[in-house]
Amino acid sequence: MIFPDATLGVLGGGQLGRMFCIAARSMGYRVWVLDPDPNSPAGNMADHHLKADYLDHAALEAMAEHCAAITTEFENVPAETLEFLESRIPVRPGSRAVAIARDRILEKSFIREQGLATAPFFAIEKSDDLHTACAGLNMPALLKTAQLGYDGKGQFPVNTIEDALRGFQQLQEIPCVLEERVELAQEFSVILARGIHGDVAVYPPGENVHVNGILDTTCVPANIETKTAEQAEAMAITLAEAMQYCGVLAVEFFLTRCGDLLINEMAPRPHNSGHYTIDAALTSQFEQQVRTLCGLPPGSTELLSPVVMVNILGDLWKDGAPHWQQLFRHPRVKLHLYGKHHARPGRKMGHYSCLAEDLSQANGVAEKIRAALSRTR
C-alpha cells in the first residue's frame, strides 16, 4: 500500500486531473502532473507541474523517479508512455485496459466477447466496408471515429450509403465504427471502483441527459427498475473483472424502448456523470481513484442524498460573468469551477450539484438556477 506523504502522478491536466489533485492532497499525498498546457487546471493544483509532451523522455524519467504510482486523466495518453512507466512503477489502470477503452472497435468487440450486448455495429477500416455495413444495419446509424471522439465530436449521422461515404471522407477516412441508432428510453451510467485485490464498490446508476452530444444533467438515483439497475451493475463488474481492472471505471448504458439493456461505451477513469459523488456520496469518485491507485480498499459508495448534477458550459459567459449570486441563494447547491482561463461555447467550465429530499425537488432547483444564470445581463 502507498500511504499519505507519498507522491502520486497523473497524466493529463484537465478538470478530472484537477479534482484528482484536490482529493489526493486533502488525503495527505503530493501530486505531480504531466501536461504540456502551461495553464493546465490540474497543474495549477499540483505540487509540481511538468509542462512537457507525453512522449518527453526526460519528463517520463522524472515521473518514474519521483512518483510512487501513476494514473491517467484521459484515455488518449500514448501507449508508449504508459508502457514506459508501467515497466518502472505501478500504473493504474494499466495500459491494456486503457487501450481497449480508447478504441471503439476494440472496446465494442471486447464487450461482445464477454457475452454482453451493444448496439449493432460494423468496424470500418476502408470505404468498401461501408457497403456491407449499411446493408447489415437498420438505418439511421451513426458513423463514429474509433479514437479521439468525445462530447459528440467525431460523429456523423448516416441515413444512406451516400451519407456514410460522405461522412467517412469528412472524418479523413480513419478507422470508424458504423453503429445502428437504437430507439432510446433512457441513458444512464454505472461507476465503480475496483482495488488491486478485486474488491469492488459500485455507485448507484445515474440517469443522464445529453444536449448536442454533451452531458447536460445526471440524476441520482436513476429512475429505472431495480432489476435493471442490478443487471447494469453486474455487467459493469463483468467488464472490470475481465480486464483485471484497477481504478475507477465508468460504463455508459442505453435502455431501449424494447427494454434491451446495451453497453454504449466505457471510460477507464472518473467520469463526468460521477461528479455528483463529490457532494452526495460518502466517498467521491476521485477519492476512489486515489485509494485504488495506492492499493487501498475502495471506500463506501453510500448515497447521502438524492442529487442532480448540471454541467456548466462556456456558452454561459457569452454576455459576461454568470449571475453566481442566484446559485448561492440555495443552501443545498454546490458549485465547482474548473479553473479554465477561456470560456468557449461547448467547453465544460464547471458543474453544480443540487441536493434535496427527493429528485423532484432537486430537479426544480436545478432548473431555477439554470434559468437565473443564463438570464440576459
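The values are calculated or read from the model by the stated rules, or taken from the named source; none is laboratory data. Source: prediction; values computed, not measured. FYI the Cβ positions are ideal-geometry reconstructions off the backbone, even for glycines, and counts take in every protein chain you see.
Points worth noting:
- Applying the set (1) surrounded by fewer than 24 Cβ atoms within 10 Å (Cβ to Cβ); (2) out of contact with any Lys or Arg (no Cβ under 6 Å at 6 or more places or on another chain) to Leu249 leaves exactly one unmet item: (1).
- Residue match in the range 332-339 (condition: of a type in the set (Phe, Trp, Tyr), at pLDDT 95 or above and over 17 Å from Val209 (Cβ atoms)): yes
- Check on Glu367, among the charged types (D, E, K, R), in a helix (DSSP H, G or I), closer than 25 Å to Ser189 by Cα and touching a helix residue (DSSP H, G or I) at 6+ places or on another chain (Cβ under 6 Å): no
- Leading residue by the ranking (surrounded by the most Cβ atoms within 10 Å (Cβ to Cβ)) among those in the range 102-126 that are touching a helix residue (DSSP H, G or I) at 6+ places or on another chain (Cβ under 7 Å) and part of a loop (DSSP other than H, G, I, E, B): Thr118
For (1) over 24 Å from Leu282 (Cα atoms); (2) β-branched (Val, Ile, Thr); (3) assigned by TED's automatic domain parsing to the domain that holds His271; (4) within 19 Å of the chain's Cα centre (by Cα), each residue gets a yes or a no:
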{"position": "Ala23", "(1), (2), (3), (4)": "no, no, no, yes"}
{"position": "Asp35", "(1), (2), (3), (4)": "yes, no, no, yes"}
{"position": "His57", "(1), (2), (3), (4)": "yes, no, no, no"}
{"position": "Glu61", "(1), (2), (3), (4)": "yes, no, no, no"}
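- Test: residue in the range 272-279 that is touching a residue at least 24 places away in the same chain (Cβ under 8 Å), in a loop (DSSP other than H, G, I, E, B) and within 28 Å of Glu367 (Cα to Cα): yes
- The residues in the range 162-196 that are assigned to a loop (DSSP other than H, G, I, E, B) and touching a residue at least 12 places away in the same chain (Cβ under 8 Å) can be counted, and the count is 9.
- Candidates in the range 187-203 are the residues that are of a type in the set (Val, Ile, Thr) and either in contact with a strand residue (DSSP E or B) (Cβ under 8 Å, 6 or more places away or on another chain) or not assigned by TED's automatic domain parsing to the domain that holds Gly213 (or both); of these, the one that is surrounded by the fewest Cβ atoms within 10 Å (Cβ to Cβ) is Val200.
- Odd one out for Phe74, checked against (1) under 21 Å from the mean Cα position of the chain (by Cα); (2) modelled with pLDDT of 95 or more; (3) not in a helix (DSSP H, G or I): (2)
- Of all residues in the range 86-101, those that are surrounded by 17 or more Cβ atoms within 10 Å (Cβ to Cβ), assigned to a helix (DSSP H, G or I) and in contact (Cβ under 8 Å) with a residue 60 or more places away in the chain total 4.
- Tally of residues being out of contact with any Gly (no Cβ under 9 Å at 6 or more places or on another chain) and either touching a residue at least 40 places away in the same chain (Cβ under 8 Å) or not aliphatic (A, V, I, L, M) (or both) across the range 197-220: 11
- Filtered residues of the range 246-278 (kept if within 16 Å of the chain's Cα centre (by Cα), aliphatic (A, V, I, L, M) and within 24 Å of Arg96 (Cβ to Cβ)): Val248, Leu249, Ala250, Val251, Ile263, Met266, Ala267
- For the range 127-155, taking the residues that are in contact (Cβ under 8 Å) with a residue 40 or more places away in the chain and either of a type in the set (Ser, Thr, Tyr) or outside the structural domain of Gln170 (by TED's automatic domain parsing) (or both), the one that is surrounded by the most Cβ atoms within 10 Å (Cβ to Cβ) is identified as Thr145.
- Filtered residues of the range 245-262 (kept if part of a loop (DSSP other than H, G, I, E, B) and of a type in the set (A, V, I, L, M, F, W, C)): Cys246, Cys258
The rows are residues; the columns are (1) touching a strand residue (DSSP E or B) at 6+ places or on another chain (Cβ under 7 Å); (2) over 21 Å from Ala232 (Cα atoms); (3) modelled with pLDDT under 95; (4) crowded, with 20+ Cβ neighbours inside 10 Å.
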| residue | (1), (2), (3), (4) |
| --- | --- |
| Leu255 | yes, no, no, yes |
| Asp260 | no, no, no, no |
| Thr277 | no, no, no, yes |
| Cys294 | yes, yes, no, yes |
| Pro297 | no, yes, no, no |
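- Restricted to the range 1-58, and to residues there that are part of a helix (DSSP H, G or I) and aliphatic (A, V, I, L, M), the residue that is surrounded by the fewest Cβ atoms within 10 Å (Cβ to Cβ) is Ala58.
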